[in-house]
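All remarks here apply to the structure that follows.
The values are calculated or read from the model by the stated rules, or taken from the named source; none is laboratory data. All values derive from a computational prediction rather than experimental measurement. As a convention, Cβ positions derive from the backbone with ideal geometry for all residues, glycine included, and neighbour counts pool all protein chains shown. The protein model used for the area step is the full one, side chains on, heavy atoms only, and it has no ligands, DNA or RNA in it. Shrake-Rupley method; radii C 1.70, N 1.55, O 1.52, S 1.80 Å.
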Amino acid sequence: MLISGFAAGPWGTNCWIAASAKGQECVIVDPGLDSIEILKSRLEANSLKPVAVLLTHGHIDHMWSVTPIADGYEIPALIHESDRHLLADPLAGVGPQSVALVEQLKAEFVEPAKLQILREAVEIEIAGLRFRVVPSPGHTEGSVMFELISEQPRIFSGDVLFKGSIGRTDLPGGDHTKMLQTLQQKVLTLAPETIVHCGHGPDTLIQNEIKSNPYLKALQGN
């Protein structure tokens with residue numbers, strides 16, 4: 001298994017590459033601002049061929065580079081239908097500071113030519129990997145987590161779960177009640193040994209978050 005991640009752009013958003021091994025097909029998860037050159041370098045260094053881009057949600061810091069990457073490699077981008085509108089209109093899901101940055105950079109956004117719309121919990125096979133799509137509303141209406149089904153379970157959590165914290169719910173499309181339901185029904189039910197590849201910050205383990213994350217502890221009455 002090859003998992004490579006790096007933080008990119010002013011938001012420090014983690015972009016991920018996942019493949020079964022070097023020299024194989026791969027998927028890219030959440031390519032944000034300033035991720036393209038680093039991605040190209042890592043793909044070349046590991047002789048990887050990208051076949052899809054997975055988006056955990058439609059916020060601009062996670063999808064800034066999705067169209068140039070997807071269209072450049074002629075591959076599909078996968079996103080939940082409830083966040084699809086943010087691909088062409090990302091300012092609909094952000095706060096004033098992000099709006100100012102986009103206006104300063106004079107950025108324009110369009111949907112990728114190839115889109116695969118996610119609507120429900122399904123298993124998908126891409127690049128020789130099996131993912132379970134886990135709809136996880138709360139941070140945005142269309143937030144999803146991608147659980148990598150393997151001997152060592154892993155999940156790309158986007159902005160649902162961080163080490164010691166959770167994603168904010170005060171931006172357009174956010175819903176704190178739904179976030180708590182997601183944490184209760186989708187996060188606390190994961191295998192304790194699951195490695196969490198977060199949308200921001202370091203990796204963590206579900207068992208560690210169950211013990212120390214104040215939001216998860218509150219849901220368990222601890």
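Is there a residue in the range 170-181 that is of a type in the set (Val, Ile, Thr) and open to solvent by less than 40 Å² (accessible area, probe 1.4 Å)? Before the answer, list the steps.
Our first condition is that a residue be of a type in the set (Val, Ile, Thr); within the range 170-181, this holds for 177.
Restricting the remaining residues to those that are open to solvent by less than 40 Å² (accessible area, probe 1.4 Å) gives none.
Looking for residues that are of a type in the set (Val, Ile, Thr) and open to solvent by less than 40 Å² (accessible area, probe 1.4 Å), one finds none in the range 170-181, hence no.
Does residue 143 fit the bill of being touching a residue at least 60 places away in the same chain (Cβ under 8 Å) and closer than 21 Å to residue 4 by Cβ?
no
Restricting to the range 34-47, name every residue that is touching a residue at least 12 places away in the same chain (Cβ under 8 Å), hydrophobic (A, V, I, L, M, F, W, C) and open to solvent by 20 Å² or more (accessible area, probe 1.4 Å).
Scanning the range 34-47 gives 36, 38.
Considering only residues that are assigned to a loop (DSSP other than H, G, I, E, B) and among the polar types (S, T, N, Q), look in the range 106-151 and name the one that is surrounded by the fewest Cβ atoms within 10 Å (Cβ to Cβ).
Looking at residues that are assigned to a loop (DSSP other than H, G, I, E, B) and among the polar types (S, T, N, Q), I get 150.
Out of all the residues in the range 118-177, which are closer than 15 Å to residue 196 by Cα and of a type in the set (D, E, K, R)? Please lay out each step first, then the result.
If we filter the range 118-177 for residues that are closer than 15 Å to residue 196 by Cα, which is where we start, we get 131-134, 136, 144-167.
Selection gives 132, 147, 151, 154, 159, 163.
Is it the case that residue 183 is in contact with a helix residue (DSSP H, G or I) (Cβ under 8 Å, 6 or more places away or on another chain) and over 22 Å from residue 92 (Cβ atoms)?
yes
Go through the range 2-32 and give me each residue that's open to solvent by 10 Å² or more (accessible area, probe 1.4 Å), touching a residue at least 40 places away in the same chain (Cβ under 8 Å), assigned to a strand (DSSP E or B) and not hydroxyl-bearing (Ser, Thr, Tyr). Step through it out loud before you land on a result.
We begin by selecting, within the range 2-32, every residue open to solvent by 10 Å² or more (accessible area, probe 1.4 Å); these are 2-7, 9-12, 14, 16, 20-25.
If we keep only those that are touching a residue at least 40 places away in the same chain (Cβ under 8 Å) too, we end up with 2-5, 7, 9-12, 14, 16, 20, 24-25.
Narrowing further to those that are assigned to a strand (DSSP E or B): 2-5, 7, 14, 16, 25.
Once the filter is applied, which keeps residues that are open to solvent by 10 Å² or more (accessible area, probe 1.4 Å), touching a residue at least 40 places away in the same chain (Cβ under 8 Å), assigned to a strand (DSSP E or B) and not hydroxyl-bearing (Ser, Thr, Tyr), the range 2-32 yields 2, 3, 5, 7, 14, 16, 25.
I'd like the full set of residues that are in contact with a strand residue (DSSP E or B) (Cβ under 8 Å, 6 or more places away or on another chain), under 17 Å from residue 133 (Cα atoms) and not in a loop (DSSP other than H, G, I, E, B), limited to the range 63-92.
Those that are in contact with a strand residue (DSSP E or B) (Cβ under 8 Å, 6 or more places away or on another chain), under 17 Å from residue 133 (Cα atoms) and not in a loop (DSSP other than H, G, I, E, B): 77, 78, 79, 80, 81.
Is it the case, given these coordinates, that residue 98 is open to solvent by less than 60 Å² (accessible area, probe 1.4 Å), closer than 20 Å to residue 132 by Cβ and assigned to a helix (DSSP H, G or I)?
When the stated conditions are applied, residue 98 does not pass them.
For the range 188-205, which residues satisfy the criterion of being in contact (Cβ under 8 Å) with a residue 40 or more places away in the chain and either under 18 Å from the mean Cα position of the chain (by Cα) or not in a loop (DSSP other than H, G, I, E, B) (or both)?
190, 194, 195, 196, 197, 198, 199, 200, 201, 203, 204 - these are the residues of the range 188-205 that are in contact (Cβ under 8 Å) with a residue 40 or more places away in the chain and either under 18 Å from the mean Cα position of the chain (by Cα) or not in a loop (DSSP other than H, G, I, E, B) (or both).
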